[in-house]
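J.: Below you'll find the structure I mean.
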Amino acid sequence: MRHSPSRRRFLAGTGVACTAALAGSPAAASGALPSTAANEQLESDIERLVDELVETSLDEHDVPGASVAVVSDGSEIVTKGYGVADRETDTPVDPDATAFRIGSVSKPVVATALMDLVERNEIDPKSDVSYYLDVPIDEYENESVSLTDLVTHRGGFEATNRGMWVPNEDDLRSLESYLRNDPQDRVRTPDRIGSYSNFGYALAGQVLAAHADEPFDRAIDESLLQPAGMSGSSFRQPLPDSTAETHATGYGSTGTYRRGKFPLLGLRPAGSMSATADDMGRFLKLQLNDGVLDGEQVLEQGTIDAMHEQWATHHDRLSGMAFGLIEEFHGDVRTLWHNGATLSFYSHLVVVPEYDFGLFLSFNSPAGSAAASDVVDGVLDEVLPTPETTSLIPDGSPTRADEITGTYRSVQRSHTWHDRVTSALNAATIDVRFDEDGTLVTEQGATTDRWVEIEPLVFERIGGSRRIAFGEEDGEIQYLFRGGSPTAFARVEGLDQLAVHGVLAVVTVLGTMSAIIGWPASALYRRIWTDDESEFPGLKTVVTHDIVRSKLVAVGSIGILFASVFLIVVHFFTTPLLVLSDPPATFRVLFVGTSLGAIGTIATAGIAGYSWTTRNWSVSELIHYAVVTASLIVGCWLLWYWNLLIPPGVV
């Protein structure tokens, strides 16, 4: 059942018109006019609310401009630009002409085009997607992947930056080339544990391209953007001149990007769309009118209803995934949303099917994330009924409390690419514990939430309707699932703990520094006080003295490893996007050093073993050399674990 927006403040304006009708005013005699007056009042109130929220958020978060579309009861009631598209020229945002980079809000656009094909019986969302693709997919335990798995982020792929950011348009390759030559590995079985996947969406977009036998940008243009009249929007890279000339300037930490000259996206379907507010208003109307636009059935009938169904969830008591949109509940009202963040833009789209209401926002700064949160929360709090609050009180000790306690980290991480360390450091982490009264407490960064168990392994937040649940693997609690998130969190144990790696890194540095500093210092001391030249490595000593040669092998290995890692870090900070996405030859060649260091470590280990069979070494020297060797081995293991020992893509 669908309702009209019932904002508390809106009801006051609507009530005035209704009272006039009941009193027998001339308007009431016509029957239709009171409703028209009420709708006009409602639209006016919504527009004033949006104006107030957006303008305030731009000032509070220092965002240059915003592009906004609001749709209610099947028609646009707000399509406006706020602030400026460019701070230098003070060019205002034009909702009809100023395109914004909408990032991952591109994904529901792609999903809509795919669902249209599904409803036309041209593709099967449950079949092995390899049947429709012209590129290979990494195999994992002989489990096939379906289109549904890709769109709901359950394909089992790791999450790397491979093929994502392309700073120079001359280096941009075709989508098919990235999928074929820069594939991402599957690290878990499909259709079970969700992990947000740009690569999975790129594969889904390639299904559309392969079906049309055209490049992706042309396929999405012909299948959806043109029929929907979204002429100011495009997935093309670089953008068409007409779109680039009026495109909003993006302001990000990595630079200022004018006229569409921002880093491009190799995995185009995941987030390469630029769109105007007017076009996104048309897209919202498609979502709220079952594919009808301007009186024409643009999409196959039933496409939108099928798309809005729940297609996946980690637990039947949690909100999950529609086809390309994420579920979330505002009290008892189901909303569908998706956001999108790029280096210099932030966008947010929300659809409320039950209330025929849709909202789109885009900002030309990453700070738009906080601004969008203020606007979306403010609008929904007023447009939708106030959620009922219930008093939740713990009822004894929760089920399997001791097994639940621990630390959980997002599974959206890299496993095989050299960005494994950056993805782990950036992955969201949640600490879970219990208070004495049985309340579950979660801590994520500076945010602390308290939860009460409502059924075994399912918890509801105190003071809100959000829920989390815990999942098993082999009979043990291994996962934390959050309602409204496609990505699961896995328990952090053993060598997955970053603290363990920190300790090992410190041990490596101390052990190797004892050689780099300790051995020369000791040799210098003995030369000064004992006149023992054999301890200080001149050319003759190096040739004839086994112990000195052995120490030089170890010190050389340490020096090569440290120098290589230092240069790798410097190169990363110099060209981060290129290094993470498609590392150049200048970056790859640095791994020759780490590889040589690993070979030197093997030689050092052999010398350490051999030294115990000779009588040339003192016990203290043997022990120290063993400690240095162990430190080198631990250092090489750390580099191997974080995929920094051999050049990217070799294995």
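The values are calculated or read from the model by the stated rules, or taken from the named source; none is laboratory data. As the structure is a prediction and not an experimental result, all values here were calculated from the model. Neighbour counts are summed over all protein chains in view; Cβ atoms, including those assigned to glycine, are modelled from backbone coordinates with ideal geometry. Accessible surface areas use protein heavy atoms only, side chains included; no ligands, DNA or RNA. Shrake-Rupley method; radii C 1.70, N 1.55, O 1.52, S 1.80 Å.
J.: Is it possible to state the helix-based mean residue ellipticity at 222 nm for the chain, with each DSSP H run of 4+ residues giving -39500 (n - 2.57), the sum divided by total residues, to the nearest 500 deg cm²/dmol? What is it?
T.: Taken over the chain, the calculation gives -12500 deg cm²/dmol.
J.: Quick one: net charge around Thr487, please, counting Lys, Arg +1 and Asp, Glu -1 for every other residue with C-beta under 11 Å from its C-beta.
T.: +4
J.: Follow-up question, since we're still on this one. Take the solvent-accessible surface of the protein heavy atoms, probe 1.4 Å, and return the percent of it on the stretch 36-189 that carbon and sulfur atoms account for.
T.: Its accessible area is 38 percent carbon and sulfur atoms.
J.: Report the net charge of residues surrounding Gln444, where surrounding means a beta-carbon distance below 11 angstrom and charges are Lys +1, Arg +1, Asp -1, Glu -1.
T.: Value of the local net charge: -1.
J.: Multiply the residue separation of Glu621 and Trp637 by 0.36 nm, subtract the distance between their alpha-carbon atoms, and state the gained length in nm to one decimal.
T.: Taking Glu621 through Trp637 to full extension adds about 3.3 nm, to one decimal.
J.: Pop out the carbon and sulfur fraction of the accessible area of the stretch 540-616 as a percent, whole number, probe 1.4 Å.
T.: Taking all protein chains in place, the stretch 540-616 shows 75 percent carbon and sulfur surface.
J.: So how many Lys-Lys pairs in the chain land under 28 Å Cα to Cα, not counting same-chain pairs under 8 apart?
T.: 8
J.: Stretch Ser242-Ser397 to full length: gain in nm at 0.36 nm per residue minus the Cα-Cα span?
T.: 49.5 nm
J.: In the stretch 359-438, which trypsin sites (Lys or Arg not before Pro) are in a loop and have at most 15 other Cβ atoms within 10 Å, using DSSP for the loop call?
T.: Counting only loop positions with at most 15 other Cβ atoms within 10 Å, the trypsin sites (Lys or Arg not before Pro) in the stretch 359-438 are Arg400.
J.: Give the calculated FRET efficiency between Val503 and Asp437 to the nearest 0.05, with a Förster radius of 35 Å applied to their Cβ-Cβ distance.
T.: The value I calculate is 0.50.
J.: So, one more: Between Gln301 and Glu55, what is the label-to-label distance in nm when each label sits 7 Å out along the Cα-to-Cβ direction?
T.: 4.5 nm
J.: Just the number please: accessible area per residue for the chain, 1.4 Å probe, all protein chains included, in Å².
T.: Result: 44 Å² per residue.
J.: Which of the GluC sites (Glu not before Pro) across the stretch 349-440 are loop residues per DSSP, with 10 or fewer other Cβ within 10 Å?
T.: The qualifying sites are Glu388, Glu436.
J.: For the pair Arg120 and Ala370, how long in nm is the line joining their label points, each one 7 Å along Cα→Cβ?
T.: Result for the modelled spin labels: 4.6 nm.
J.: Let me ask you something else. When the accessible area of the stretch 309-431 is computed with all protein chains present and a 1.4 Å probe, what percentage of it is carbon and sulfur?
T.: The nonpolar share, carbon plus sulfur, comes to 46 percent.
J.: Right, here's the next one. Compute the distance in nm between two label points, each set 7 Å from the Cα along the Cα-to-Cβ direction, one at Ser44 and one at Val292.
T.: Label at Ser44, label at Val292, 2.9 nm between them.
J.: Fully extended, how many nm does the chain gain between Thr429 and Gln226 (0.36 nm per residue separation, minus their Cα-Cα distance)?
T.: Once the chain is fully extended between Thr429 and Gln226, it gains 68.8 nm.
J.: Trypsin sites (Lys or Arg not before Pro), restricted to the stretch 118-198: which are DSSP loop and have at most 16 other Cβ atoms within 10 Å?
T.: Arg120, Lys126, Arg173, Arg192
J.: Here is a follow-up. In the stretch 418-436, which residues have a backbone nitrogen under 17 Å from the label point lying 7 Å from Arg450's Cα in the Cα-to-Cβ direction?
T.: 432-436
J.: Could you compute the net charge surrounding Pro576? Neighbours are other residues with a C-beta less than 13 Å from the C-beta of Pro576; K and R count +1, D and E count -1.
T.: Summing Lys and Arg as +1 and Asp and Glu as -1 gives -2.
J.: For helix 518-530, report the angle its Cα long axis makes with the longest principal axis of the Cα atoms of the chain; keep it between 0 and 90° and round to the nearest 10°.
T.: 30 degrees
J.: Which value, in Å² and to the nearest 10, is the accessible area of Met513 when all protein chains are kept and the probe is 1.4 Å?
T.: Accessible area of Met513: about 60 Å².
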